[in-house]
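I have placed the structure first, in the form of structure tokens, so that the comments after it can refer back to it.
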Amino acid sequence: MQPPAVYPFARLKGSVQREARLPDFLPHPFWNFSLELYAGEGVAEACLDLQDRRGCDVNILLFCCWLGASGRPTLTADRLRAILRASDGWQASVVRPLREVRRLLKDRPWPDALPETVDAVRRRVADAELAAEHAEQIKLASLYAPPADRDRPVEKRLRAAVGNLGVYAVCLEVVPDDQDRAAVATLMNGTFPSLAPPEIARVVGLAAPLASSSA
């Protein structure tokens, strides 16, 4: 599992970084939600665990959570497959190559280059990756964003968010195991902080609440 700091959203966790960078991006409720959720306890680790083990797109994970949290209807498999077809090309051709270059610059020694120049390049690649993630989120929201219903009971919104992630597992042809359910519980704890962890664990299907996917 990659540490949280390697994912671009982590670059915006601090208030100074947010003030410096957020004006560069078109504002959107989904983007704001993602920044807040990703900064939550264990959420970055859970997202990266599902990305690295299951091939999940972190933006799709966050999208599933946002739709549920905002009281929107649960995704159908056909709807989500259409969304994935629209976003997979951008992920494959833009986001993943940028991620690979960033990780290569971070993890591999470059003895023929000055360390500060390698670090400067890596930061610029990370900025480009972050911009690409933002562009994907704006696209996702344009593909499916029925009216929100914040008055919908929070328990129903929780079930909708969990249901969305379950539909995503179906689309990926993944049979969730306990590690997957623990990661989902972590996402739900961050998405619905007013709910008790045992209630979230019950809806997710865990025998006992886990604070994070690494617990």
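The criterion of at least 1 residues that are at pLDDT below 95 and within 29 Å of Arg96 (Cα to Cα) is met, among helices (runs of 4 or more DSSP H) falling completely within the range 109-215, by 115-143. Annotation note: of Leu80, Leu75, the sole residue that is surrounded by 13 or more Cβ atoms within 10 Å (Cβ to Cβ) and either outside any helix (DSSP H, G or I) or among the acidic types (Asp, Glu) (or both) is Leu75. Looking at Leu62, Leu105, which is the one that is hydrophobic (A, V, I, L, M, F, W, C), touching a residue at least 12 places away in the same chain (Cβ under 8 Å), within 23 Å of Val184 (Cα to Cα) and assigned to a helix (DSSP H, G or I)? From the options Leu62, Leu105, the qualifying one is Leu62. Got at least one residue in the range 1-14 being modelled with pLDDT of 70 or more, touching a helix residue (DSSP H, G or I) at 6+ places or on another chain (Cβ under 7 Å) and over 20 Å from Val162 (Cβ atoms)? There is no residue in the range 1-14 that is modelled with pLDDT of 70 or more, touching a helix residue (DSSP H, G or I) at 6+ places or on another chain (Cβ under 7 Å) and over 20 Å from Val162 (Cβ atoms).
Among the numbered conditions (1) of a type in the set (Lys, Arg); (2) closer than 26 Å to Asn189 by Cβ; (3) out of contact with any Phe, Trp or Tyr (no Cβ under 9 Å at 6 or more places or on another chain), the only one that Arg85 does not meet is (2). If only residues of the range 124-145 that are surrounded by fewer than 15 Cβ atoms within 10 Å (Cβ to Cβ) and among the charged types (D, E, K, R) are counted, the one that is farthest from Leu61 (Cα to Cα) is Arg124.
Conditions (1) surrounded by 14 or more Cβ atoms within 10 Å (Cβ to Cβ); (2) over 21 Å from the mean Cα position of the chain (by Cα); (3) small (Gly, Ala, Ser), marked per residue:
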site	(1), (2), (3)
Ser93	no, no, yes
Arg96	yes, no, no
Pro109	no, yes, no
Glu116	no, yes, no
Arg122	yes, yes, no
Pro147	no, yes, no
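Pairs linking a residue in the range 185-207 that is touching a residue at least 24 places away in the same chain (Cβ under 8 Å) and surrounded by fewer than 16 Cβ atoms within 10 Å (Cβ to Cβ) to a residue that is assigned to a helix (DSSP H, G or I) and not aromatic (Phe, Trp, Tyr), with Cβ atoms under 6 Å and 6 or more positions apart or on different chains, are Gly205/Arg181.
Being at pLDDT 95 or above and in contact with a Cys (Cβ under 6 Å, 6 or more places away or on another chain) holds for only one residue in Val94, Val58, and it is Val58. Listed by first and then second residue, the pairs with beta-carbon distance under 8 Å, at least 6 apart or on different chains, first residue in the range 127-154 and within 15 Å of Phe33 (Cα to Cα), second in a helix (DSSP H, G or I) and hydroxyl-bearing (Ser, Thr, Tyr), are Glu136/Ser87; Gln137/Ser34; Leu140/Ser87.
The values are calculated or read from the model by the stated rules, or taken from the named source; none is laboratory data. Note that the structure is predicted; figures quoted are calculated from it, not measured. Cβ sites come from the backbone with ideal geometry, for glycine too, and all protein chains shown count toward neighbours.
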